[in-house]
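> Below: one structure in structure tokens.
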Amino acid sequence: MKKVLAIGLISGLLVACNPFDIKSHDTLTGSDPDAARSAPNCAQCHAFPPHDIMHEFHLTSYVVQRDQIANLALNGPLTCMDCHFKTIRHFTYVVADSTWVDSNGNEIEGPTSPGDTLLIDFYRRYHPLPYPATGIATDTSNVDSLARALDTLIRRELQAGRLVQWMTSMAHLDGRREVEFPPNNLEDSALSSTAFRPYDLSCSAVACHNRSQLVYRFASPVRGISPCPSLLKSDTTCGDPAP
């Protein structure tokens, strides 16, 4: 039967970063002298994670993590890789989940009649690769074991108030702010290049959002863009009804 292990998460990025020297995200900045002494470190180039509503909400919100972990088709605890797929080194693996259903296709706790059937679903997932200093070898010969070890690492580091540092690809060094999602994070994998629309800061084709009928959009006061879904349910550009 489906069993979901709730794992908290805050994650990070950059090749060759030491997670045992970093502080909580509230105090970690690019000018932090402790970060400079523990080079190389994500915080030497930018706040870790960046101090804006998008990163704070997606990486620290209980609601976000709850919805992400509960959906077995997604990648478990949310990490930087879930929004920056090209720039974070990662590997893929498959997980299986079994569910009993009755003759009408309704999920049940266990078999009670001859018409009940055990269904097995397979989900392709993705996980970022950690910097070796975490103590976890980045050997992908046993991806199932590696994925479990990373989930444990994420939970342990969170409980200690630390951020996991992930390895990055060369795409992280091209000076651009790439936003690209893993195939399983999209409502349609063909939307990989258009799921995030920079001109109106929208992310409405992302499978992580559990209400696909809504418009999802980041806020930008400078550009006059309000967030969606709106708090007061009165923004017509979010699809809210006109007053």
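> Quick one: what pairs do we get from region 135-148, first residue within 14 Å of Arg125 (Cα to Cα), second open to solvent by 70 Å² or more (accessible area, probe 1.4 Å) and part of a loop (DSSP other than H, G, I, E, B), C-beta under 8 Å, 6+ apart or different chains?
Leu146/Asp139
> Output the residues belonging to region 145-192 that are open to solvent by 70 Å² or more (accessible area, probe 1.4 Å) and either in contact with a Pro (Cβ under 9 Å, 6 or more places away or on another chain) or charged (D, E, K, R) (or both).
Arg148, Arg155, Arg156, Asp174, Arg176, Arg177, Glu187, Asp188, Ser189
> Provide a single number: the residues in region 49-84 that are of a type in the set (Ser, Thr, Tyr) and assigned to a loop (DSSP other than H, G, I, E, B).
Total meeting the criteria: 2.
> Also: Looking for whichever is hydroxyl-bearing (Ser, Thr, Tyr), at pLDDT 80 or above and closer than 24 Å to Pro49 by Cβ here; the options are Ser141, Ser169. Which one fits?
Numbers: Ser141 fails: closer than 24 Å to Pro49 by Cβ.
When all the criteria are applied, what remains is Ser169.
> Would you mind finding the one in Phe181, Phe218 that is in contact (Cβ under 8 Å) with a residue 60 or more places away in the chain, out of contact with any helix residue (DSSP H, G or I) (no Cβ under 6 Å at 6 or more places or on another chain) and closer than 22 Å to Arg66 by Cβ?
Checking each option against the conditions leaves just Phe181.
> Name every residue in region 87-97 that is open to solvent by 50 Å² or more (accessible area, probe 1.4 Å) and modelled with pLDDT under 90, in order of residue number.
So in region 87-97, the residues open to solvent by 50 Å² or more (accessible area, probe 1.4 Å) come out as 89-90, 92, 94, 96.
Within region 87-97, just Ala96 meets the criteria.
> So, Cys228, is that one within 17 Å of the chain's Cα centre (by Cα) and closer than 17 Å to His55 by Cα or not? Lay out the reasoning, then the answer.
Details: within 17 Å of the chain's Cα centre (by Cα): no; closer than 17 Å to His55 by Cα: yes.
Criteria not met by Cys228.
> I'd like the full set of residues that are closer than 29 Å to Ile69 by Cβ, surrounded by 12 or more Cβ atoms within 10 Å (Cβ to Cβ) and among the hydrophobic types (A, V, I, L, M, F, W, C), limited to region 221-238.
Across region 221-238, the qualifying residues are Cys228, Cys238.
> So which residues in region 118-171 are assigned to a helix (DSSP H, G or I), of a type in the set (A, V, I, L, M) and over 18 Å from the mean Cα position of the chain (by Cα)?
Scanning region 118-171 gives Ala133, Val143, Met170, Ala171.
> Within the group Ser98, Ser103, which residue is in a loop (DSSP other than H, G, I, E, B) and more than 14 Å from Met167 (Cα to Cα)?
Among Ser98, Ser103, only Ser103 is in a loop (DSSP other than H, G, I, E, B) and more than 14 Å from Met167 (Cα to Cα).
> Looking at Leu150, Leu163, can you tell me which residue is touching a Phe, Trp or Tyr at 6+ places or on another chain (Cβ under 7 Å) and not acidic (Asp, Glu)?
It is Leu163.
> Name the residues in region 98-132 that are touching a Pro at 6+ places or on another chain (Cβ under 7 Å) and either over 30 Å from Leu146 (Cα atoms) or open to solvent by less than 50 Å² (accessible area, probe 1.4 Å) (or both), would you?
Tyr126
> For Pro227, state whether it is modelled with pLDDT under 85 and farther than 21 Å from Phe85 by Cα.
Answer is no for this residue.
> I'd like to know if region 32-48 contains one or more residues that are in a loop (DSSP other than H, G, I, E, B), among the acidic types (Asp, Glu) and at pLDDT 75 or above.
Checking region 32-48: not a single residue is in a loop (DSSP other than H, G, I, E, B), among the acidic types (Asp, Glu) and at pLDDT 75 or above.
> Of all residues in region 183-235, how many are assigned to a strand (DSSP E or B) and acidic (Asp, Glu)?
Qualifying residue count, region 183-235: 0.
> Name the pairs: first residue in region 71-100 and within 22 Å of Arg197 (Cβ to Cβ), second residue open to solvent by 40 Å² or more (accessible area, probe 1.4 Å), Cβ to Cβ under 6 Å, at least 6 apart or on different chains?
Listed by first residue and then by second, the contacts come to Met81/His90; Cys83/Val179; Phe85/Glu180; Lys86/Glu180; Thr87/His172.
The values are calculated or read from the model by the stated rules, or taken from the named source; none is laboratory data. Quick caveat: nothing in here was measured; it's all calculated off a predicted structure. So basically every Cβ, Gly included, is an ideal-geometry build from the backbone, and we count neighbours across all protein chains shown. To get the accessible areas, we keep the full protein, side chains included, count just its heavy atoms, and leave off ligands, DNA and RNA. Shrake-Rupley method; radii C 1.70, N 1.55, O 1.52, S 1.80 Å.
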